[in-house]
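So the structure is just underneath, and the comments pick up after that.
The values are calculated or read from the model by the stated rules, or taken from the named source; none is laboratory data. Since the structure is predicted, the reported quantities are computational estimates derived from the model, not experimental observations. Note: ideal-geometry Cβ built from the backbone for every residue, glycine included; neighbour counts use all protein chains shown. Ligands, DNA and RNA are excluded from the accessible area calculation, which covers all protein heavy atoms including side chains. Shrake-Rupley method; radii C 1.70, N 1.55, O 1.52, S 1.80 Å.
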Amino acid sequence: MSVLPRHLLPDSAEVAPDGSLRIGGCDVAALAEEYGTPLFVYDEDQLRDRCREAVAAFGDGVAYATKAFLCRAMARLAHEEGMHLDVASGGELAIALAAGVPADRLVLHGNNKSDDELLRAREVGVGRIVVDSFDELDRLDRLHAADGRVPKVLLRITPGVEAHTHEFVMTGQDDSKFGFGLKVGDAARAVERCRASASVELVGLHAHIGSQVFVAGFYEQAIEALAPFVAESGLAELSIGGGIGVAYVEGEEAPSITEWGAVVRDACAAAGITARVSAEPGRAIAAAAAITVYRVGTVKEVPGIRTFVACDGGFIDNPRPALYGSGYETFLPRSVDADRTETVRLVGKHCESGDVLVAEARVPPGLRVGDLIATPVTGAYGRTMGSNYNSLGRPAVVFASGGDARLVIRRETDEDLLATDVG
Ligand code: LLP
């Protein structure tokens, strides 16, 4: 038997007597009919629950990493549930502010922040700027000379810990473009420089070891590596970044946010860290809360080779398989619990052979043109990493809760694609 494991579906998922899927009390096929496909369907209550879980696990200061999934509704939701927001660009900052999130609840990241980004962040008064380089400190000095503003900053430290994950999303190792290296002494030099500077108020340290980290023990290692430096610096805050993984496919297991928080707290206590400890989860908040619903347009059986099932989306709404070789499950929203006895390749509609969503997609027999097919756990790094390749619009996003669905991002149109084309 190969039935889709229910734990990969959003918490509110229910299977109706006819076998069809409901999320947030809404019939998924009806949502696809109303809003079109491809469609991201989020379980809004689950997003809220995960935010609350993060606040309970880490306390005040824990931030939602908006790069995982961002729109105004998401920014408001995370803020309403008590999280701060990590923004990693002027654009993410603009969306969070447009959502009405108070600037002092925002943490600005980036390894190459522009003058404009820093200027804007200081003007609106973001809560923390996480400084990543000596060049950034130079920039902050210049801006300070012009307007006298003194932002609160954390220094991003590279602890020299290799979390085992995809190399594209490993960030804690010494050979990293991020942060001030601990072992090479840059971290100590950066602290000294901030202490002697009138242009920043140094309040703490930050470290992010990577993303999709399945083993909470890597955080223990990072905390052990950082502890002497944290103690020496006497600073009041430590953020251990984001990165805790989520299960995408059958057989994968990841720690919950609560478990991760306990590991981090215990490790900090054991290492004698008295600073306020916080974190920045993105994926763990958003990924499992959504599914992507596609419509099948072509079923092509290549004799003796395989069957290609082409849907109306592709690697522009989910580049993770093409970028990282990430796996996803597949299921039919009309028969969620059907035994998936056939293996096909789920591909998109883009002009590249690499446009594969699920290389070995398990589906029940009888899949036909016009069917809806869905991939679970697509709530993080899908819509936000999407592109307009082949000049196709990016999908709509709905939040479903209590039997109602609301459109939070509408589907892009040809007019949107032409909006920036001024030639
Ligand atoms: N904080 C910092 C400083 C980060 O760079 C990141 C992610 C996070 C927090 C949130 O990490 P999370 O909890 O979501 O793992 N596109 C990749 C993931 C890139 C993550 C980049 N930084 C993917 O789709 O797997």
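Annotations for the structure displayed:
- Neighbours by Cβ (under 6 Å, 6+ apart or cross-chain): first from the range 162-173, of a type in the set (S, T, N, Q); second open to solvent by less than 30 Å² (accessible area, probe 1.4 Å) and within 12 Å of the ligand (Cβ to nearest atom): Thr165/Gly210; Thr165/Gln212; Thr165/Val213; Thr171/Gly210
- Applying the set (1) in contact with a Cys (Cβ under 6 Å, 6 or more places away or on another chain); (2) assigned by TED's automatic domain parsing to the domain that holds Pro365 to Thr292 leaves exactly one unmet item: (1).
- Looking only at the range 378-394, and only at residues there that are under 20 Å from the mean Cα position of the chain (by Cα) and of a type in the set (S, T, N, Q), the one that is surrounded by the most Cβ atoms within 10 Å (Cβ to Cβ): Thr378
- Qualifying residue in the range 190-198 (condition: in contact (Cβ under 8 Å) with a residue 40 or more places away in the chain and within 16 Å of the ligand (Cβ to nearest atom)): no
- Test: residue in the range 358-369 that is part of a strand (DSSP E or B), open to solvent by 50 Å² or more (accessible area, probe 1.4 Å) and either assigned by TED's automatic domain parsing to the domain that holds Phe69 or of a type outside the set (A, V, I, L, M) (or both): yes
- Among the numbered conditions (1) at pLDDT below 95; (2) open to solvent by 30 Å² or more (accessible area, probe 1.4 Å); (3) under 17 Å from Arg156 (Cα atoms), the only one that Arg193 does not meet is (1).
- Options Ser89, Ser114: the member that is away from the ligand (no atom under 16 Å from the Cβ) and of a type in the set (S, T, N, Q): Ser114
- Hits in the range 371-393 (condition: in contact (Cβ under 8 Å) with a residue 40 or more places away in the chain and more than 16 Å from the ligand (Cβ to nearest atom)): Asp371, Leu372, Ile373, Ala374, Asn388, Tyr389, Asn390, Leu392
- For the range 178-188, the count of residues that are assigned by TED's automatic domain parsing to the domain that holds Gly242, open to solvent by less than 10 Å² (accessible area, probe 1.4 Å) and closer than 26 Å to Ala145 by Cα is at least one.
- Matching residues, the range 236-253, being touching a Lys or Arg at 6+ places or on another chain (Cβ under 8 Å) and either at pLDDT below 95 or among the hydrophobic types (A, V, I, L, M, F, W, C) (or both): Ala236, Leu238, Ile244, Val246
- Of everything listed in (1) under 26 Å from Arg410 (Cα atoms); (2) away from the ligand (no atom under 16 Å from the Cβ); (3) small (Gly, Ala, Ser), the single unmet condition for Ala338 is (1).
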